Amino acid sequence: MTTTPDNASRPPVVDLATWAAAREKLLVREKAHTREGDAIAAARRRLPMVELDGTVEVTGADGPVPFLDLFQGRDELVVYQHMWHDHAPHQGQCEGCTTTAWHMKDAVYLNARGVSYAVLTAGAWDEVAPYVEFMGYTQPWYSLRGVEPRIGGGMGHIDCFLRDGDRVFLTYSTTGRGNEPVNGSLALLDMTPHGRGEAWQDTPEGYPPGRDACWYWRSDADGNATWGGTSRPVPQWTRPGATPVETLGRHGDCH
């Protein structure tokens with residue numbers, strides 16, 4: 001049984017049995033997508049590796065330490081390389097990096113599988129430390145300031161490393177939409193009727209028109225989505241002491 005929705009250009013309203021049949025048809029495609037993802041992951045595990053100098057020192061809360069220490073005695077390490085804008089206020093740091101770092105607040109399940117996690121950034125530690133404290137991040141952060149050549153990929157990348165004794169190898173690196181697995185909010189939004197609400201989406205006619213990519217990553221003090229001068233990345237408003245600001249410091253980019 002099909003009824004006419006309020007807006008005839010939207011998907012039809014049907015009975016549960018009809019919906020279930022359509023859902024089962026889509027499930028065939030979803031399972032094929034999952035199996036292809038498994039095959040890609042298998043190929044990823046077979047990529048060649050690049051050996052790096054594990055003695056290179058990065059700077060964290062306890063001062064300079066060799067990169068090897070980031071493994072915390074484990075054999076595998078995942079690193080997020082957080083972009084940094086020197087001398088920018090907290091609200092002027094990268095919005096895309098904020099989403100990645102915010103969604104990875106607890107690595108306990110990685111640790112249980114023998115994988116450590118850390119955040120690297122090109123910022124100077126004396127600027128990075130108060131930012132980490134303000135945001136309430138619980139994962140270890142380290143500064144790459146002065147480290148050459150750069151460890152792993154560029155800023156905004158997720159990098160994976162393998163340790164064999166004192167030897168360190170870069171095994172994988174991704175950026176852009178390749179970072180999306182960390183951001184569980186995006187995967188959940190993709191399941192909702194309106195999706196991410198972004199203009200690039202293929203959306204049924206009659207649904208709300210999409211906006212610029214990442215439009216909801218910043219808001220004002222009242223929770224209104226805006227990239228205006230007094231906005232912040234949305235999780236910053238939950239931080240003690242967060243107040244409206246007079247200037248963004250820099251106009252952020254969506255990564």
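The values are calculated or read from the model by the stated rules, or taken from the named source; none is laboratory data. Since we're looking at a predicted model, the values are computed, not measured. Neighbour counts are summed over all protein chains in view; Cβ atoms, including those assigned to glycine, are modelled from backbone coordinates with ideal geometry.
Can you confirm whether ALA122 is closer than 23 Å to GLU180 by Cβ, of a type in the set (Gly, Ala, Ser) and touching a His at 6+ places or on another chain (Cβ under 8 Å)? Even if it seems obvious, please write down each step before you answer.
On the way: closer than 23 Å to GLU180 by Cβ: yes; of a type in the set (Gly, Ala, Ser): yes; touching a His at 6+ places or on another chain (Cβ under 8 Å): no.
No.
Consider MET104 against the criteria (1) under 27 Å from LEU162 (Cβ atoms); (2) at pLDDT 95 or above; (3) among the aliphatic types (A, V, I, L, M): it satisfies all of them except one. Which criterion is unmet?
Unmet condition: (2).
Can you pull out every residue in segment 17-61 that is touching a residue at least 40 places away in the same chain (Cβ under 8 Å), more than 22 Å from THR174 (Cβ to Cβ) and either among the charged types (D, E, K, R) or part of a helix (DSSP H, G or I) (or both)?
If the condition is that a residue be touching a residue at least 40 places away in the same chain (Cβ under 8 Å), more than 22 Å from THR174 (Cβ to Cβ) and either among the charged types (D, E, K, R) or part of a helix (DSSP H, G or I) (or both), then ASP53, GLU57 are the ones that fit.
Tell me, which residue of segment 145-170 that is aliphatic (A, V, I, L, M) and modelled with pLDDT of 95 or more is nearest to HIS82 (Cα to Cα)?
Just the residues of segment 145-170 that are aliphatic (A, V, I, L, M), to begin with: 147, 151, 155, 158, 162, 168, 170.
Next, from what is left, pick out any that are modelled with pLDDT of 95 or more: 158, 162, 168, 170.
Details: ILE158: 9, LEU162: 20, VAL168: 21, LEU170: 17 Å.
Out of the qualifying residues, it is ILE158.
Considering only residues that are within 15 Å of ALA107 (Cβ to Cβ) and surrounded by fewer than 16 Cβ atoms within 10 Å (Cβ to Cβ), which ones fall in segment 56-74? Before the answer, list the steps.
Our first condition is that a residue be within 15 Å of ALA107 (Cβ to Cβ); within segment 56-74, this holds for 70-74.
The answer is GLN72, GLY73, ARG74.
Looking at segment 86-100, can you tell me whether even one residue there is out of contact with any helix residue (DSSP H, G or I) (no Cβ under 7 Å at 6 or more places or on another chain), part of a strand (DSSP E or B) and surrounded by 15 or more Cβ atoms within 10 Å (Cβ to Cβ)?
No, that holds for no residue.
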